[in-house]
Amino acid sequence: METISGSNTENYIDLEHQYGAHNYHPLPVVLERGKGVYLWDVDGKKYFDFLSAYSAVNQGHCHPKILKALQDQASKLCLTSRAFHNSSFGPFAAYITEYFGYDKILPMNSGAEAVETAIKLARKWGVQKKGVPQEQAQIVVCHNNFHGRTTTIISFSDDHVAKKDFGPYTPGFIAIPHNDIDALKAVFTSNKNIVGFLVEPIQGEAGIFTPEEDYLRNVQQLCNQNDVLFIADEIQTGIARTGSLLAVCGNCDCSSSCLRQSDTFAAPDILILGKAISGGVYPVSAVLANNAVMDVIQPGEHGSTFGGNPIAAAVATAALKVVKEEKLAANARKLGQLFRDAMNDYIKSSDIVTLVRGKGLLNAIVINDSPESDTAWNICLALKENGLLAKPTHGNIIRFAPPLIMTIDELTACVAIITKTLRDFEPK
Ligand SMILES: *Cc1c(COP(=O)(O)O)cnc(C)c1O
């Protein structure tokens, strides 16, 4: 086995390169410690985290309350499988269903598994409750979606790189444009075997595309009218990221789960959560639905060895409590507005940034260069040198998504780093 001498960044990167599959292209930084909004690399250099592990670390790195829940539970009981009951899952299930206003949870581990679960649930519901013939169920999805990496999920992806050479693909999906209610209407009219509409309320990986304000409410209504399940993938947008508890809350800023009481709430029949549901401390995902849908799944029909394990249950409960105690939705809303205002101010006299868009603290800037250029990548390298970590998505777009516990002073410092860095890329 190779050992690392000293704390040389290149040594770690070489090891990863030699022994790890090359399925990612990371920024050349090797992190070894995190606290709140900060990360430190192996040489002790400190950074602002402006990615939050793709919005998994909304509560900040190594949150003491979440770590305590992890440590307490890990020293008592880690895993039983669900062949037996454990004393953590029941209380967690009661807590999270009350929190989001659903009858039941089906617990999984990764986001992709939760999406798969929602697909299976919708198909079974379609056959058993809607009367769709066996193997005829169709699920409508959106172009430029991102829902994960399994064989079925990439089958309905438009991303050539994510899809190429991985066929044969799973049938049963119809793609329409995001934020296009007429296209949804048309597809419902043309096909009677549709069981679900799977949608990201804001498209994240595609580059942070926020739909029109009434889009999700119209989706909910149209799905109801057509006896189709509205399936919201809030793995990235949920858990206060966009300035409300869920993106489907719309502009409700009560920061709690008034949910069904609020008239801006577009109620999904199936809600998919992951990422920040555990504050990034442990892989936890969840599918939430009411009994009319969830009860189509019976013993033996679906499962996961680690899904709903005692550590996951304890960690996710603690992580969800932090979201409310620290009013993260309200903070994301306030700081997000400040961030976009500051960036819009910068853009007025910029040639290198064309626009900033987003909601809450899920934002992106578009770089004035072709998606094939490496300008956005080079800007991220320079941001790293200046003490801030962010990553391009789709070539010329840079996503900015810091932990939601950030203070105004910290955000101001980050804006200064970002604008100073961008200025160096302005044409002279
Ligand atoms: C990250 C993400 C997923 C996949 O989650 P994994 O935990 O990586 O499997 C699915 N949907 C959306 C919207 C995501 O952002």
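The values are calculated or read from the model by the stated rules, or taken from the named source; none is laboratory data. If you're wondering where the values come from, they're calculated on a predicted model, not measured in any experiment. Every residue, glycine among them, receives a Cβ derived from its backbone with ideal geometry; neighbour counts consider all protein chains shown.
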Does at least one position in segment 69-79 carry a residue that is surrounded by 18 or more Cβ atoms within 10 Å (Cβ to Cβ) and among the aliphatic types (A, V, I, L, M)? yes
Please determine whether any residue of segment 66-82 is over 22 Å from the mean Cα position of the chain (by Cα), assigned by TED's automatic domain parsing to the domain that holds residue 236 and without any contact (Cβ under 8 Å) to a residue 40 or more places away in the chain. yes
Candidates 202, 208 - the one that is over 22 Å from residue 125 (Cβ atoms) and in contact with a Ser or Thr (Cβ under 7 Å, 6 or more places away or on another chain): 202
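One line per residue, one yes/no per condition, for (1) in contact with a strand residue (DSSP E or B) (Cβ under 7 Å, 6 or more places away or on another chain); (2) hydroxyl-bearing (Ser, Thr, Tyr); (3) touching a residue at least 60 places away in the same chain (Cβ under 8 Å); (4) closer than 21 Å to residue 269 by Cβ:
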| position | (1), (2), (3), (4) |
| --- | --- |
| 85 | no, no, no, no |
| 91 | no, no, yes, no |
| 100 | yes, no, yes, yes |
| 105 | yes, no, yes, yes |
| 122 | yes, no, yes, yes |
So, in segment 365-396, how many residues would count as being among the hydrophobic types (A, V, I, L, M, F, W, C), surrounded by fewer than 18 Cβ atoms within 10 Å (Cβ to Cβ) and in contact with a Pro (Cβ under 9 Å, 6 or more places away or on another chain)? 2
Please verify whether residue 60 is of a type in the set (Gly, Ala, Ser), touching a Cys at 6+ places or on another chain (Cβ under 6 Å) and crowded, with 18+ Cβ neighbours inside 10 Å, treating the condition exactly as stated. no
Which pairs have Cβ atoms under 6 Å, sit 6 or more apart or on different chains, and link a residue in segment 137-152 that is in contact (Cβ under 8 Å) with a residue 12 or more places away in the chain to one that is within 12 Å of the ligand (Cβ to nearest atom) and of a type in the set (Val, Ile, Thr)? 142/199; 147/115; 147/153; 148/115
When the residues of segment 191-240 are narrowed to those that are over 26 Å from residue 97 (Cβ atoms) and assigned to a strand (DSSP E or B), which ends up farthest from the ligand (Cβ to nearest atom)? 194
Wholly within segment 66-168, which helices (runs of 4 or more DSSP H) include no fewer than the required count, namely at least 1 residues that are more than 16 Å from the ligand (Cβ to nearest atom) and at positive phi? none
Looking at segment 242-265, is at least one residue within 11 Å of the ligand (Cβ to nearest atom), under 13 Å from the mean Cα position of the chain (by Cα), among the hydroxyl-bearing types (Ser, Thr, Tyr) and in the same structural domain as residue 137 (by TED's automatic domain parsing)? no
Go over the candidates 355, 388, 381, 361 one by one and state the one that is in contact with an Asp or Glu (Cβ under 9 Å, 6 or more places away or on another chain) and in the same structural domain as residue 47 (by TED's automatic domain parsing). 388
Would you be able to say whether some residue in segment 22-30 is surrounded by fewer than 14 Cβ atoms within 10 Å (Cβ to Cβ), closer than 17 Å to residue 380 by Cα and touching a strand residue (DSSP E or B) at 6+ places or on another chain (Cβ under 9 Å)? yes
Residue pairs meeting the criteria (Cβ under 6 Å; at least 6 apart or on separate chains; first within 14 Å of residue 50 (Cβ to Cβ), in segment 417-428; second of a type in the set (S, T, N, Q) and surrounded by 12 or more Cβ atoms within 10 Å (Cβ to Cβ)): 417/386; 421/386
